[in-house]
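Worksheet: the structure to be examined is printed underneath.
The values are calculated or read from the model by the stated rules, or taken from the named source; none is laboratory data. What you see is a predicted model, and the numbers here were worked out from it, not measured in a lab. As a convention, Cβ positions derive from the backbone with ideal geometry for all residues, glycine included, and neighbour counts pool all protein chains shown. Areas reflect the complete protein model, heavy atoms only, side chains present, ligands, DNA and RNA absent. Shrake-Rupley method; radii C 1.70, N 1.55, O 1.52, S 1.80 Å.
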Amino acid sequence: MMQVTVKNGALRGMERGSVAAFLGIPFAKPPVGALRWRPPQPAEDWDGVRDAVQYGNGCMQCVPSPTGMELVKEPVSEDCLYLNVWTPKQALVDRKQRPVLVIIHGGGFQAVSGAYDLLQGWELAEQGIVVVTCNYRLGAFGFFAHPELTEESEMHTSGNYGILDQIAALRWVQKNIAAFGGDPQKVTVSGESAGAFSVSILCMSPLAKGLFCAATAQSGAFMDRRTAAYELYSMRQAEEYGAGLFPGMRLDELRRIPAQTLLERTNPTGMQWMKPVRDGYVFPMDARCAYERGAFCDVPLLIGSNRDDGAQFSTRSGDAQELLQLARTVVPESRMQEFQNVYAMDTKEQTVRAQINFTGTAMFGHGMWTWAGLQSRYGKSPVFLYYDCLVPPGSALGSYHSSELVYLFRKLGYRDWGFTERDVQAERVLSGYLLNFVKRQDPNGDKLPRWDTFKDAPEKIMIWDASCRMEQNPTLAEMRFWDTIQAEERV
């Protein structure tokens, strides 16, 4: 077994082929008892050699998840602030510092963990990088706001504890990753879905500045004032909601509620409310304000969304009136004719497509487009924007939300989906782009199809499918329509 020493003590890991893994490493004290709903505190030292061969507890969540999928297999507990490291065994011998990829898991801020099989770093570490995944507090444990919590806070905020956990993990990486052969100056932070929304906050948070040199995000960004998934709320709104859940209860009483009872009492409403808020501290301001003021981490970005991101989140009923009614919740009546021009609904098939496109763009796609535009306009670092149209074998939902993970992280062997040579080639190209970006902050190289920056080709986009290529952005009309809606909301 391989052994390393970090700031808190010695660790004994495990080996598989050319890779060493160190699992279940505490990066903060257990956030239990008096530490519930407080910023993460530094982990305590330990004596002797700690075994790091099993994943730590997942954070409290619904098991199975609200979607019915088994996304976490390890035990769940409030004692959950653990991370995992995969590194080439050679890195522990030659001490040459390798680039680092820190992956923040998705799951709607309500589910999953850093042990999720499609995020594990075995295969990417074989390619010469160090991979880290981390847990962060979820649901009511990570994003509960309350007036008494705000009052006791030195920063006069509450909520966003899950984001503070992510920042604590990144700080741990800065202090410790060299022991695993990683380069603390070459850290790329990455996330999909809620992980991507998290990365967008980290890119705007002064607390995360200097903790990473590049970022990747798949289908998720707090760049619009609202999305169909996450309307951003003020600190006061979040406090009022939190107080309303437990009327008359004092904060010391709330901290004594058993974890399982708290989970049950705040779910299923958690998907709507237990999420990050603009608190003026961790998440200081609206994205456009942050970029206009230069209050963001100006780092290279590799970001994008999936053509069928909306498939899991729309009814796909083909009912035009249903879609029009939904659209009116976010589109002014004066713009409804334009909406119908952009989203054709002449046939049932067209309407199903319109429902998927509307939902996917409102929840994910337009946020990525907006992020690319803001970075290109106000930053100096490049941004590479993609549109994933790659359909896994047997998928009834097309290139659905998260379908890129098996290709991007070299995980074809983790799913029995009837993959063909086409998928093997797609895995090589997509993971090749990611690896190049982590190593050089540029996806190009190794004879991969050329990927132009958004600034150089704003009307073009990298299409991910059986043959990756730059071409005219097929969502351009949608993006420009939503640009107009967002601009009118700012007036």
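Of note:
- From most to least packed by mean Cβ count within 10 Å, the peptides 97-107, 279-289 give 97-107, 279-289.
- Maximal additional length on extending the Q41-K89 stretch stands at 14.2 nm, based on 0.36 nm per residue less the C-alpha distance.
- Helix-only CD estimate at 222 nm, as mean residue ellipticity for the chain, using -39500 (n - 2.57) per DSSP H run (n ≥ 4): -9000 deg cm²/dmol
- Estimated vicinal HN-Hα couplings, Hz - the range 388-395 in sequence order (Karplus 6.51, -1.76, 1.60; Gly, Pro = x): 8, 10, 7, 9, x, x, x, 6
- Percent breakdown of C-alpha pair distances by 5 Å bin, ordered from the shortest bin, for the range 1-124: 2, 10, 18, 21, 20, 15, 9, 4, 1, 0
- Proximity of backbone amide H atoms, modeled 1.01 Å from N, is registered between S399 and D308 at under 5 Å, excluding neighbours fewer than 5 places apart on the same chain.
- Under 5 Å, built H, 5+ apart or other chain: amide partners of F283: none
- Translational diffusion of the range 320-421 was estimated from the Stokes-Einstein equation, with Rh taken as the Kirkwood radius over Cα pairs; at 10 °C and 1.306 mPa s the coefficient is 97 µm²/s.
- Accessible area (Å², per residue) of the chain, counting only protein heavy atoms and a probe of 1.4 Å: 39
- Spin-label model, V53 to Q350: label points 7 Å out along the Cα-to-beta-carbon direction sit 6.3 nm apart.
- A Förster distance of 41 Å, applied to the separation of the beta-carbon atoms of L251 and S402, puts the FRET efficiency at 0.65.
- For the chain, carbon and sulfur atoms together expose 49% of the accessible surface, with a 1.4 angstrom probe and every protein chain in place.
- DSSP-assigned coil residues among trypsin sites (Lys or Arg not before Pro) in the range 367-414, each with at most 11 further Cβ atoms within 10 Å: K380
- Recomputing P(r) over Cα pairs in 20 Å bins from 0, in percent from the coordinates shown identifies the correct label among (1) 24, 58, 17, 0; (2) 20, 47, 30, 3; (3) 20, 54, 25, 1 as (1).
- Peptides ranked, highest mean first, by Cβ atoms within 10 Å: ranges 34-46, 291-303: 291-303, 34-46
- For the range 89-248, radius of gyration divided by Kirkwood radius, i.e. Rg to Rh on alpha-carbons: 1.03
- Rounded to whole numbers, the Karplus 3J(HN,Hα) couplings from phi for the range 426-440 are 5, 4, 4, 6, 5, 5, x, 4, 4, 4, 4, 5, 5, 7, 10 Hz, using 6.51 cos²θ - 1.76 cosθ + 1.60 with θ = phi - 60°, and x at Gly and Pro.
- Translational diffusion coefficient of the range 215-361 (Stokes-Einstein, Kirkwood radius from Cα pairs, 4 °C, 1.567 mPa s): 70 µm²/s.
- The simple Förster model, with R0 at 22 Å and r as the Cβ-Cβ distance, assigns C289 and S153 a FRET efficiency of 0.45.
- Normalised by 2.2 N^0.38 Å, where N is the number of residues, the alpha-carbon radius of gyration of the range 415-491 equals 1.42.
- Value of D in µm² per second that Stokes-Einstein yields for the range 335-391, Kirkwood Rh from Cα pairs, at 10 °C (1.306 mPa s): 119
- Gyration tensor over the Cα atoms of the range 116-164: the corresponding equivalent ellipsoid has semi-axes (square roots of 5 times the eigenvalues, largest first) of 35, 11, 4 Å.
- Of all aspartates and glutamates in the structure, those lying under 18 Å Cα to Cα from K275, and not within fewer than 8 positions of it along the same chain, are E78, D165, E192, D224, E231, E239, E240, E264, D286.
- Per-pair calculated FRET efficiency, R0 = 22 Å: E488 and Q340 via Cβ, rounded to 0.05: 0.80
- Label point at K209 placed 7 Å out along Cα→Cβ; residues across the range 29-55 whose backbone nitrogen lies under 11 Å: none
- Each residue of the range 84-89 was assigned a 3J(HN,Hα) from its phi angle through the Karplus expression (A = 6.51, B = -1.76, C = 1.60, θ = phi - 60°), giving 9, 10, 10, 8, x, 4 Hz with x at Gly and Pro.
- If you bin all the Cα-Cα distances of the range 142-198 at 10 Å, starting from zero, the percentages per bin are 20, 36, 29, 13, 1.
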